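Asks: Handing you a structure now.
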Amino acid sequence: MAKRGRSIVDEGREIQRAIELIKLGARLQVLETEIHLSRERLLRLYKEIQGKSPPKGMLPFSTDWFMTWQPNIHSSLFMGIYQYLDKSSELEEIDVITKAYQLYLEQAGACGMETVLSLTRAWRLVKFFDAGMLTTTGCKQCGGHFVVHSYDLTDSYVCGLCHIPSRAGKTVASRAGLAAAAIGAS
Amino acid sequence: MNTEQILNEIREANLSYLLLAQNMIRSDREQALYRLGLSEEVAAMVAGLTTAQVLKIAASNMLMCSFRFDDRLVWSLLGSESREKASDVAGVHAAILMSGRNASRAAVAA
């Protein structure tokens, strides 16, 4: 992947990019696709920054994950930020993803939500958009833009926030947290 | 609050707003555009102002910053008291709406 005869300045920039991505939690596959450095160097960088070997196994590949209630909110938020940055700047895609992800983390933190969307997921999300598998549509009630399948019928789309499903947000993890809190209180 | 006080407050607000905007644009231009809701051209102009110019502009009788959102829904979501503070659903909803509004405005500007 590494081209010959590239300048040291270019390489320095690539390393800087890779460091930023690894700090944000990117998987090795993301780095291999986006960063023009050899696999060995990426591995060494990863170990140096995270202090452990990168996780093995395939990346999540399903578009359906982005449709479930909580992930959909998070991915819609990220995509809103991403599309804003993408339109207003002329950065390369991977840099837009990095910057948008940082803003997403801030926003999620400000709303007191845990970060459901990992950087790797966010990157996949952008790739799904590039491939035309996912898109955004406006909610007919609030007008906000939400992630949907490209071929969904969206004439009367209402987002998961205007119409919150009854069991929304009641995940195994949140129930375990509540139970622990109840035990702690009693 | 008399006029004198209002003018003083406006100058203070203008000054800190302009200085903050300049710092933000200089440290990370793209994120600053998102946070400030500015177009590339305005951002370039603001970043290029000298200190003397900033002081002069700040001493106006008008505020240099204005409310970004004219959407009733955004304000009511931001102002709503959420039932569970663990996850502020209204806050996220507002954030999605705000980022979307910005994007459409940036598209118009581009």
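Asks: Take residues that are surrounded by 15 or more Cβ atoms within 10 Å (Cβ to Cβ), free of Cβ contacts under 8 Å to residues at least 60 places away in the same chain and within 14 Å of chain A (Cβ to nearest Cβ) and tell me which of the helices (runs of 4 or more DSSP H) falling wholly in the range B:1-70 contain 2 or more.
Replies: B:3-27, B:29-36, B:40-47
Asks: So which residues in the range A:49-68 are over 24 Å from A:Ala18 (Cβ atoms) and in contact (Cβ under 8 Å) with a residue 40 or more places away in the chain?
Replies: A:Thr63, A:Trp65, A:Phe66, A:Met67, listed by residue number.
Asks: Let me confirm something: among B:Gln22, B:Gln31, which residue is in contact with a helix residue (DSSP H, G or I) (Cβ under 8 Å, 6 or more places away or on another chain) and closer than 17 Å to A:Val96 by Cα?
Replies: B:Gln31
Asks: Of the residues B:Arg68, B:Arg72, only one is modelled with pLDDT under 90, farther than 30 Å from B:Glu4 by Cβ and of a type in the set (Lys, Arg); which?
Replies: Residue meeting the stated conditions: B:Arg72.
Asks: While we're on this one: Take the residues of the range A:105-145 that are among the hydrophobic types (A, V, I, L, M, F, W, C), over 15 Å from the mean Cα position of the chain (by Cα) and under 26 Å from A:Met58 (Cβ atoms): which is surrounded by the fewest Cβ atoms within 10 Å (Cβ to Cβ)?
Replies: A:Ala131
Asks: Would you mind stating whether A:Gly112 is within 14 Å of chain B (Cβ to nearest Cβ), on the phi > 0 side of the Ramachandran plot and either in contact with a helix residue (DSSP H, G or I) (Cβ under 9 Å, 6 or more places away or on another chain) or not in a helix (DSSP H, G or I) (or both)?
Replies: Answer is yes for this residue.
Asks: Can you report the number of residues in the range A:69-101 which are facing chain B (nearest Cβ under 7 Å) and either in contact with a strand residue (DSSP E or B) (Cβ under 9 Å, 6 or more places away or on another chain) or in contact (Cβ under 8 Å) with a residue 24 or more places away in the chain (or both)?
Replies: Here the count works out to 6.
Asks: Given the conditions (1) crowded, with 16+ Cβ neighbours inside 10 Å; (2) more than 15 Å from the chain's Cα centre (by Cα), which single one is not true for A:Ser166?
Replies: It fails just one condition, (1).
Asks: Additional query: Looking at A:Leu153, A:Leu117, A:Leu105, A:Leu125, which is the one that is within 27 Å of A:Gln16 (Cβ to Cβ), more than 8 Å from every other protein chain (Cβ to nearest Cβ) and not in a helix (DSSP H, G or I)?
Replies: A:Leu117
Asks: Okay, moving on. Considering only the range B:92-105, I want to know if a residue exists there that is at pLDDT below 85, hydrophobic (A, V, I, L, M, F, W, C) and in a helix (DSSP H, G or I).
Replies: yes
Asks: Also: Tally the residues that are touching a Gly at 6+ places or on another chain (Cβ under 8 Å) and under 13 Å from A:His74 (Cα atoms), restricting the search to the range A:145-165.
Replies: Residues flagged as touching a Gly at 6+ places or on another chain (Cβ under 8 Å) and under 13 Å from A:His74 (Cα atoms) within the range A:145-165 amount to 4.
Asks: Are any of the residues in the range A:48-63 assigned to a helix (DSSP H, G or I) and either surrounded by 18 or more Cβ atoms within 10 Å (Cβ to Cβ) or within 14 Å of chain B (Cβ to nearest Cβ) (or both)?
Replies: Scanning the range A:48-63 turns up no residue that is assigned to a helix (DSSP H, G or I) and either surrounded by 18 or more Cβ atoms within 10 Å (Cβ to Cβ) or within 14 Å of chain B (Cβ to nearest Cβ) (or both).
The values are calculated or read from the model by the stated rules, or taken from the named source; none is laboratory data. This structure is a prediction, so every number in the text was calculated from the model and none was measured. As a convention, Cβ positions derive from the backbone with ideal geometry for all residues, glycine included, and neighbour counts pool all protein chains shown.
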